[in-house]
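Structure first, then comments.
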Amino acid sequence: MFVDAKPNRAHVALARLEKAGFLSAVVTQNVDGLHQMAGSVNVLELHGSNYRQYCMSCGGRYSLDYIFDSKNCVGVVPKCRECGGVVRPDVVLYEEQLDEKVVRSAILAISAADCLIVGGTSLVVYPAAGFLRYFKGRKVVVINKDKTSYDGYADLVIRESIGTVFSGVIEQLNL
């Protein structure tokens, strides 16, 4: 975890696009909370967030600060102040199921979009990579420095940093 990480140009640009009404949702596999730090509101975190913690026994909710406060830990494991259960990050670990509500929301957002922008991903992690099949809109744009297996389906492929591309979009739209 990099608690000092800050949103980059892409995060900030996406937040501005959402605020201006050009973007309805951000679907992300990242667990770093940087989209929200940049100001995005409708963020669908497929793999959860390091900034949310919960007790595996009673479901109690905790902040990230609770985890870093050593008085809440037995050894290195944070414990629930209510029941003593293990407190863990609200993230999807290897072989765990994605949150069905978040998956449904992501699929609804993708299927309702007129234009789907897929950026900064290799599109090899499933099931997220397969969500593109739900898109029924008009245009698909892939922004990634490297080739993806979906490039052939895209109406536009841009081989550039997503931060550079979206900074240019923000500038052109005068946002």
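The values are calculated or read from the model by the stated rules, or taken from the named source; none is laboratory data. Keep in mind it's a predicted model, so treat the numbers as computed, not measured. Don't worry about glycine lacking a Cβ; one is built from the backbone with ideal geometry, like all the others, and counts go over all protein chains shown. Surface accessibility is based on the protein's heavy atoms, side chains included, excluding ligands, DNA and RNA. Shrake-Rupley method; radii C 1.70, N 1.55, O 1.52, S 1.80 Å.
Take the conditions (1) part of a loop (DSSP other than H, G, I, E, B); (2) surrounded by 14 or more Cβ atoms within 10 Å (Cβ to Cβ); (3) in contact with a helix residue (DSSP H, G or I) (Cβ under 7 Å, 6 or more places away or on another chain); LYS136 misses just one of them, which is (2). Number of residues in the stretch 80-91 that are farther than 27 Å from TYR126 by Cβ, of a type in the set (A, V, I, L, M) and open to solvent by less than 30 Å² (accessible area, probe 1.4 Å): the value is 1. Name the single residue, out of those in the stretch 99-114 being outside any helix (DSSP H, G or I) and among the charged types (D, E, K, R), that is nearest to the chain's Cα centre (by Cα). Among those that are outside any helix (DSSP H, G or I) and among the charged types (D, E, K, R), it is ASP99. Taking the conditions (1) farther than 24 Å from GLN172 by Cα; (2) surrounded by fewer than 17 Cβ atoms within 10 Å (Cβ to Cβ) in turn, HIS47 satisfies each one other than (2).
For the stretch 51-58, does any single residue satisfy the condition of being open to solvent by 20 Å² or more (accessible area, probe 1.4 Å), aromatic (Phe, Trp, Tyr) and part of a loop (DSSP other than H, G, I, E, B)? Checked the stretch 51-58: no residue is open to solvent by 20 Å² or more (accessible area, probe 1.4 Å), aromatic (Phe, Trp, Tyr) and part of a loop (DSSP other than H, G, I, E, B). Restricted to the stretch 15-44, and to residues there that are under 14 Å from the mean Cα position of the chain (by Cα) and assigned to a helix (DSSP H, G or I), the residue that is surrounded by the fewest Cβ atoms within 10 Å (Cβ to Cβ) is MET37. Number of residues in the stretch 61-79 that are crowded, with 16+ Cβ neighbours inside 10 Å and either assigned to a strand (DSSP E or B) or modelled with pLDDT of 95 or more (or both) equals 3. Taking the listed residues TYR150, TYR94, the one that is surrounded by fewer than 13 Cβ atoms within 10 Å (Cβ to Cβ) and either of a type outside the set (Lys, Arg) or farther than 25 Å from SER49 by Cα (or both) is TYR94, with no other qualifying. Residues satisfying the criterion are absent from the stretch 3-14 (criterion: touching a strand residue (DSSP E or B) at 6+ places or on another chain (Cβ under 6 Å), surrounded by fewer than 18 Cβ atoms within 10 Å (Cβ to Cβ), under 30 Å from VAL165 (Cα atoms) and of a type in the set (A, V, I, L, M)).
Within the stretch 97-127, the set of residues being open to solvent by 40 Å² or more (accessible area, probe 1.4 Å) and in contact with a Gly (Cβ under 9 Å, 6 or more places away or on another chain) comprises ASP99, ALA112, ASP114, CYS115, GLY120.
With respect to the conditions (1) in contact with a helix residue (DSSP H, G or I) (Cβ under 9 Å, 6 or more places away or on another chain); (2) in a loop (DSSP other than H, G, I, E, B), GLU96 lacks only one, and its number is (1). Exactly one residue out of LEU34, LEU17, LEU46, LEU23 is touching a strand residue (DSSP E or B) at 6+ places or on another chain (Cβ under 7 Å) and either within 16 Å of SER167 (Cα to Cα) or at pLDDT 95 or above (or both), and it is LEU46.
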